[in-house]
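Visitor: Below is the structure I would like to discuss, written out as C-alpha cells.
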Amino acid sequence: MMRKVLPLHDIIEENASHRTFVFKTQVKASPGRFFMISDLAGAEKPFSVSGCAGGYLSFTVKKTGVFTERMFSMTKGDNLSLRGPYGRGFNLPHEGAALCIGGGCGAGPLRYLARELAKTGSVDYIAGARSAEEHLFVDEMLSFCRSCTFVSDDGSLGVKQTSIDALKSFDLSQYTEIFLSGPEPMLKAGLDFLADKSPNAQFLIERYMKCAIGICGSCSIDPLGVRVCVEGPVFPLVTMKKLSEFGKYKRSASGEITRFGG
C-alpha cells in the first residue's frame, strides 16, 4: 500500500463537471480498486482508479460537493495525499468477449478496465449519461472497443434511454464476463435484469466510506454486512443477489439509514 503526498502532474478537463487528476508515481493498482485522497484540509474521500500505466495514476472526478469543489480549484503542482490502493477489483477473464456497462462517472473505472480487457480479448461498451456533454471518453473508447453504444437521458447522444435499457437488446450469451459501474439506482436496475440471465456479472459499488480498511462499518450493506471497502468495491452477481438493502437504502456520514429517493 502507498501513502504519499504527491503533486498534481496534470489536470484534464473532460467536461464542465468532470476532471481527470493525474499523478506521476510508480504504483500497481488493478481495475476496480480505489484510493483515499485528502486535500490536506481535513477531508478524505474514496476515488476509483481511471488509469494506471507507464508511471502515471489517474482519477476521474465529478464535482458534487465541497470536497470536489476544492479539488477543482487546484492547479498543476498542488499537493494531494493518497493512500491505497484498497479493496477487491474486477476479476478479469483471460480471453473472450467482455461487456462493460457504465453510467455517469462510472465510466472512469471502466475506461481502465476496458483497456486491460482489450489486451487479451474484445470489448463491447455501453455508456449512459444525462446528456452528450456529460459523456466521458467517447473518442477514446471508440478507438479500441469492438463496439460502443452511447445513450443519454435527453437523447442528445444516441437513443434517449438508459444504459440498462440499451443492455436489454444485447445477446448476453456471447460474453465471458459482464462488468457494471455507475450510480446505485443504475446498478440496481442492472442487477434486476441480469439476476437470472448472466451468472458472470460483476458490479462496482460506490458507498460512503470513512476508513477504507473495514473498521468503521460506514460502507456496510445488509443483510450480509459486507464492507464495500474490503469485500468490495467489486462484487459478483451471486453476492449482489443476496444484498436486499442494495438500491433501497443508504447510509449517511452519521450512520443514519435512509431510503434512496427519500
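The values are calculated or read from the model by the stated rules, or taken from the named source; none is laboratory data. Everything quoted here is computed from the prediction, not taken from an experiment. FYI the Cβ positions are ideal-geometry reconstructions off the backbone, even for glycines, and counts take in every protein chain you see.
Visitor: Under the condition of being at pLDDT below 90 and loosely packed, with under 12 Cβ neighbours inside 10 Å, which residue from segment 213-254 is nearest to E44 (Cα to Cα)?
Guide: A253
Visitor: In segment 42-93, what residues are part of a strand (DSSP E or B) and hydrophobic (A, V, I, L, M, F, W, C)?
Guide: If the condition is that a residue be part of a strand (DSSP E or B) and hydrophobic (A, V, I, L, M, F, W, C), then F47, C52, A53, L57, F59, V61, L80, L82 are the ones that fit.
Visitor: Turning to a different aspect of this structure: When L172 is evaluated against the numbered criteria (1) surrounded by fewer than 17 Cβ atoms within 10 Å (Cβ to Cβ); (2) out of contact with any helix residue (DSSP H, G or I) (no Cβ under 9 Å at 6 or more places or on another chain); (3) not small (G, A, S), which criterion, by number, is the only one it fails?
Guide: So L172 meets the others, but not (2).
Visitor: Name the residue that is surrounded by the fewest Cβ atoms within 10 Å (Cβ to Cβ), counting only residues in segment 54-67 that are within 24 Å of S30 (Cα to Cα) and either free of Cβ contacts under 8 Å to residues at least 40 places away in the same chain or within 16 Å of the chain's Cα centre (by Cα) (or both).
Guide: Filtering first and then ranking leaves G54.
Visitor: From the set of residues in segment 87-102 that are surrounded by fewer than 22 Cβ atoms within 10 Å (Cβ to Cβ) and in contact with a Pro (Cβ under 9 Å, 6 or more places away or on another chain), which is nearest to V226 (Cα to Cα)?
Guide: Among those residues, the one meeting the criterion is R88.
Visitor: Now for a separate question. Look at F35 and say whether it is among the aromatic types (F, W, Y), touching a His at 6+ places or on another chain (Cβ under 6 Å), closer than 16 Å to N79 by Cα and in contact (Cβ under 8 Å) with a residue 12 or more places away in the chain.
Guide: For F35, the condition - among the aromatic types (F, W, Y), touching a His at 6+ places or on another chain (Cβ under 6 Å), closer than 16 Å to N79 by Cα and in contact (Cβ under 8 Å) with a residue 12 or more places away in the chain - is not met.
Visitor: Select from segment 1-40 the residues that are of a type in the set (K, R) and in contact with a Pro (Cβ under 9 Å, 6 or more places away or on another chain) and write down the one among them that is surrounded by the fewest Cβ atoms within 10 Å (Cβ to Cβ). Spell out how you get there, then give the answer.
Guide: Taking segment 1-40 and keeping what is of a type in the set (K, R), we get 3-4, 19, 24, 28, 33.
Now restrict to residues that are in contact with a Pro (Cβ under 9 Å, 6 or more places away or on another chain): 24, 28, 33.
Details: K24: 13, K28: 9, R33: 22.
By that ranking, first place goes to K28.
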